[in-house]
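Each remark here refers to the structure printed beneath this line.
The values are calculated or read from the model by the stated rules, or taken from the named source; none is laboratory data. Bear in mind the structure is a predicted one, so any value in this text is a computation, not a measurement. No Cβ is skipped: glycine too gets one built from the backbone with ideal geometry, and neighbour counts run over all protein chains shown.
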């Protein structure tokens, strides 16, 4: 009897009742426990964000900041560099997302077949994930250095790349098909897409592989018995079941591509010329290259709005997946 009374007194319901009956400190105890972390988040997240918004309406003249309203946004949106970087960003994101999603889906499907040494393959796939962007960019850059890079003999072969071979660091973009839109891009953009896709491949592959593990084998076997081919089972059964995960992976890739600057900075530096100057690198150039912090803050606010939209869409898709699970 004493044990039962002691258990009842220490139950969560009785503990919450004692907290409600306590003083102000007891009732607000969860807030005080979370307060240190909330202060840290406010210091490293909210303050820089609000400061960037304030800075986007300012312009420095000497040692004084003057309020200029929307002038920084007008100068950014009206500049040719911004319009060009929008095109480069669109080309980069489409190529990067398509290559990463396609390669990740194929590799995940292969690993889902219970191959021998699959654990070793998964460990090898993790290699790009643990390498920093700066290191990956330097390695990919060294591969195509003219006369010295590992790939330079192949790229400089006129038989493979007529008429004079291919130089990824210096060859300009061909004449665009549509006036004002940078497509087809320069060879450096293709190489940047390849390097960025290689860097993001592990995360998306493991995400899709985890989703494939949740697909019931009984449904696939029933479809095979009914005469469905492997491609039909993949198209009409597997892909619809893992579609929410694919959408979440898609939004994460776009979000990472919008904000990634490490590979662009170390691999191409926006070149040759401005052939790979995406929005994130344009932000770096304006802010730290030209020291125009007001315009850079205005561009960062624009990018933040896009990021916030992608985050909201990702959360909505994730909640839909939880409700359907």
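Here are a few things to note about the model shown:
- Out of 249, 275, sole residue that is surrounded by 15 or more Cβ atoms within 10 Å (Cβ to Cβ) and over 14 Å from the mean Cα position of the chain (by Cα): 275
Quick grid of which residues meet (1) touching a helix residue (DSSP H, G or I) at 6+ places or on another chain (Cβ under 6 Å); (2) under 22 Å from residue 181 (Cβ atoms); (3) modelled with pLDDT under 90:
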| residue | (1), (2), (3) |
| --- | --- |
| 248 | yes, no, yes |
| 263 | yes, no, no |
| 266 | yes, no, no |
| 271 | no, yes, yes |
| 281 | yes, yes, no |
| 298 | yes, no, no |
| 305 | no, no, no |
| 315 | no, no, yes |
| 322 | no, no, yes |
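- The set of residues from region 100-126 being part of a helix (DSSP H, G or I), more than 15 Å from residue 194 (Cβ to Cβ) and in contact (Cβ under 8 Å) with a residue 40 or more places away in the chain comprises 105, 107, 108, 109, 111, 122, 125.
- Scope region 56-71; condition touching a strand residue (DSSP E or B) at 6+ places or on another chain (Cβ under 9 Å) and either in contact (Cβ under 8 Å) with a residue 12 or more places away in the chain or surrounded by 15 or more Cβ atoms within 10 Å (Cβ to Cβ) (or both); matching residues: 57, 58, 59, 60, 65, 68, 71
- Selection status of residue 159, without any contact (Cβ under 8 Å) to a residue 12 or more places away in the chain and either over 21 Å from residue 89 (Cβ atoms) or assigned to a helix (DSSP H, G or I) (or both): yes
- Which numbered condition residue 138 fails, given (1) assigned to a helix (DSSP H, G or I); (2) under 22 Å from residue 255 (Cα atoms): (2)
- Which listed residue is within 22 Å of residue 90 (Cβ to Cβ), buried (at least 18 other Cβ atoms within 10 Å of the Cβ), modelled with pLDDT of 90 or more and under 29 Å from the mean Cα position of the chain (by Cα), from 136, 188: 188
- Among the residues of region 152-179, those identified as loosely packed, with under 11 Cβ neighbours inside 10 Å and under 19 Å from residue 83 (Cβ atoms) are 175, 177, 178, 179.
Residue-by-condition table, conditions (1) in a helix (DSSP H, G or I); (2) buried (at least 16 other Cβ atoms within 10 Å of the Cβ); (3) at pLDDT below 90:
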position: 3; (1), (2), (3): yes, no, yes
position: 26; (1), (2), (3): yes, no, yes
position: 75; (1), (2), (3): yes, yes, no
position: 81; (1), (2), (3): yes, no, no
